[in-house]
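Participant: After the structure tokens below, expect a handful of questions from me.
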Amino acid sequence: MSTPNEISSAPITPRPADKPPVSCPPSQYHSASMTRSPLLSGEQGGEGAPKSKTPKTPRTPLTSLTPRFMTPLGSPVRKALRATRFDPQDAWLPITESRNGNKYYAAFHTLCSGIGIQALVLPVALTILGWSWGVITFTLGFIWQLYTLWILIQLHESVETGIRYNRYLQLFGFTFGERAANWLAVFPIMYLSGGTCVALIIIGGSTAKTFFQTVCGPECAKQLTAIEWYLVFTCAAVVLSQLPNLNSIAGISLVGAITAVGYCTIIWGVSVAEGRLPGVSYNPIKAGTQIEQIFSVLNALGIIAFAFRGHNLILEIQATMPSSEKHPSRVPMWQGVKVSYTIIAACLFPIAIGGYWAYGHMIPSGGMLQAFFRFQAGNVSSFVIGMTCLFVVVNALSSFQIYAMPMFDHIESKYTSRFKKPLPWWLRAVTRAVFGFSCFFFGIAIPFLGSIAGLVGGIALPVPMAYPCFMWLKIKKPKTYSPMWWLNWFLGLLGMGLSAILIAAGIYVIIDTGIEVSFFKPH
């Protein structure tokens, strides 16, 4: 028996040599892709493709558009064709043009996107929730996130329909329709990608400035301004962004993962080793009125939700892996995720618990990185401070690449849909540079994004917490009133309710306490 066909593909219908293949590409984010990368065996008559010993039955022009399905999935796939069209452009787009990924690449990407600057604000939530409720809420949120991540991995490729959903928006659009995807999913997902890139420029540029000051010292003749350091970071990020696809940045993700683990360990390790600050209090910070206290607690929950982002990249990461009926991609993907999230837990929990133990209510709103520079600069050597800053900058550069890749994919899909050909290399370089410097512009225009972490967490919460539960109910259709039915309905409704409440709480806290709005005035 020949090599098993990939779930999302089928042998190409033979056509006369003088006629080009029919191409009917759909919108990139609103149709499920059913094509494979040319790198996979058996693709488009390549090496390893199944060969027939007998002539195939001639087909009429009407039926020539429908491929012959040689696997047991043929019947359900034919039914799925009524709602789905082929997308032959996957071989031209950065998410899916290379499908030689494996569980190690998946672990690198997941680890790099799962640990980041958002983890450093977790102790701020504990200053409001206190020890007991803070740890309980954080633990339950971590388990909830891991469960919905498992759901997305299982839904990436459907045995019932034979389709691979290579992007989060594809899966959401196929499940709930194009209109619902435009209204409910596009903004949170695009914000999680583009907004994170802006935040990374702010953090990376400001930390690069601190690194330079630490290494160079007061002897330096000239100090660059914050805007100039943002520009330096952006130029480095744009250069790295010229790598073509998600698999090509696996090494960068590995470096980013190592540096993330490194600076998290240094920050909480030094903070715990130096001991608690004098006068530390663990009593939850309470606002004036009861209404203010409620909204303050909800804002703390939004901060925790803000730390659990990265789900918008899971399907894209899994799309870089080959898949067949006997070897589905969900198996190595889940193996890589289990390893990466074990390491993520080993970083997030010590940061949250150790940071709160060391600083208590004295933790600034900027989180652990700001507390580390403020309280430990005189207790540790400049080498440790410089190494921490360097790790933060390198991790920010690496994370920029993986969070920007869905945006690159979306931009290039507009070109391929219109012109029916891949993006030229020079135009790809220009578009990625334009995206990078656009993020730079927003970074200097609104450098106070870190002050609205609770509001951002509320807006993005349905993507990792609620939507996957509803998609499982819609696609898998568990038995009514079964444990899985109750669990997904409960988590889905809870996630949507929390999102609405957290958005309102974030707005209230911003209005009540105020933020330092400094347009075009980065510090």
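Participant: In square angstrom, rounded to the nearest 10, how much accessible surface does Glu228 have for a 1.4 Å probe?
Facilitator: Here the residue's solvent-accessible area equals roughly 70 Å².
Participant: Rounded, prolate or oblate: which one fits the range 245-286, using the alpha carbon gyration tensor with axes a ≥ b ≥ c (rounded when a/c is under 1.5, else prolate when a/b beats b/c, else oblate)?
Facilitator: oblate
Participant: Normalised by the residues of the range 133-288, what does the relative contact order come to in percent, with Cα pairs under 8 Å and at least six apart?
Facilitator: Relative contact order of the range 133-288: 11 percent.
Participant: With label points built 7 Å along Cα→Cβ from the Cα atoms of Glu274 and Ala377, find their separation and express it in nm.
Facilitator: Simple spin-label model gives 1.1 nm for this pair.
Participant: Here are some pairs, Lys326/Lys477; Lys338/Lys479; Lys103/Lys476; Lys338/Lys474; Lys286/Lys338; Lys326/Lys421; which of them have Cα atoms lying more than 30 Å apart in this structure?
Facilitator: As for pairs spanning more than 30 Å Cα to Cα, those are Lys286/Lys338; Lys326/Lys421.
Participant: Mind ranking Arg164, Arg330 by accessible surface for me, highest first, 1.4 Å probe?
Facilitator: So the residues, ranked largest to smallest area, are Arg330, Arg164.
Participant: Additional query: When the accessible area of the range 254-309 is computed with all protein chains present and a 1.4 Å probe, what percentage of it is carbon and sulfur?
Facilitator: Answer for the range 254-309 is 65 percent, counting heavy atoms of protein chains only.
Participant: Rounded to the nearest 0.05, what FRET efficiency is calculated for Asn283 and Val135 with R0 set to 22 Å and r the Cβ-Cβ distance?
Facilitator: It comes out at approximately 0.90.
Participant: Now for a separate question. Express in nm, to one decimal, how much length is gained between Phe441 and Lys476 on full extension, taking 0.36 nm for each residue of separation and deducting their alpha carbon distance.
Facilitator: 8.3 nm
Participant: For Cα pairs less than 8 Å apart in space and 6+ apart in sequence, what is the mean separation divided by the residue count of the range 244-382, i.e. the relative contact order in percent?
Facilitator: Values: 62 pairs, mean separation 62.6, N = 139.
Dividing the mean separation by the residue count of the range 244-382 yields 45 percent.
Participant: Also, quick follow-up: Taking the full set of protein chains and a 1.4 angstrom probe, give the accessible area of Lys474 in square angstrom, rounded to the nearest 10.
Facilitator: The accessible area of Lys474 comes to roughly 110 Å².
Participant: Working with all protein chains in place, sort Lys103, Lys338, Lys479 by solvent-accessible area computed with a 1.4 Å probe, largest first.
Facilitator: On the way: Lys103 80, Lys338 105, Lys479 160 Å².
So the residues, ranked largest to smallest area, are Lys479, Lys338, Lys103.
Participant: Let me ask something else. Relative contact order, percent, of the range 125-213 when contacts are C-alpha pairs under 8 Å separated by at least 6 residues? Display every interim value, and only then the final one.
Facilitator: Details: 21 pairs, mean separation 9.5, N = 89.
Rounded, it is 11 percent for the range 125-213.
Participant: Mind grabbing the accessible area of His327 for me, 1.4 Å probe, Å², rounded to tens?
Facilitator: For His327, the solvent-accessible surface is approximately 130 Å².
Participant: So for Arg99, Arg276, what's the accessible-area order with a 1.4 Å probe, most first?
Facilitator: Arg276, Arg99
Participant: Under 1.5 on a/c is rounded, so check that first for the range 310-450, then, if it is not, pick prolate when a/b is larger than b/c and oblate when it is not; a ≥ b ≥ c are the square roots of the alpha carbon gyration tensor eigenvalues.
Facilitator: oblate
Participant: Please work out whether the range 373-448 counts as rounded, prolate or oblate from its C-alpha gyration tensor, where a ≥ b ≥ c are the square roots of the eigenvalues and a/c under 1.5 means rounded, while otherwise a/b larger than b/c means prolate and anything else oblate?
Facilitator: Cα axes put the range 373-448 in the prolate bin.
Participant: Tell me which of Ala185, Ala199, Ser241 sits at the most positive position along the dipole axis of the range 156-246, charges placed on C-beta atoms (Lys, Arg +1; Asp, Glu -1).
Facilitator: Result: Ala199, furthest along the dipole toward the positive end.
The values are calculated or read from the model by the stated rules, or taken from the named source; none is laboratory data. Only a predicted model underlies this, so the values are computations on that prediction, with no experimental measurement involved. With ideal geometry, Cβ positions are generated from the backbone for all residues, glycine too; neighbour counts draw on all protein chains shown. Just so you know, the surface numbers come from the protein's heavy atoms only, side chains and all, with ligands and any DNA or RNA stripped out. Shrake-Rupley method; radii C 1.70, N 1.55, O 1.52, S 1.80 Å.
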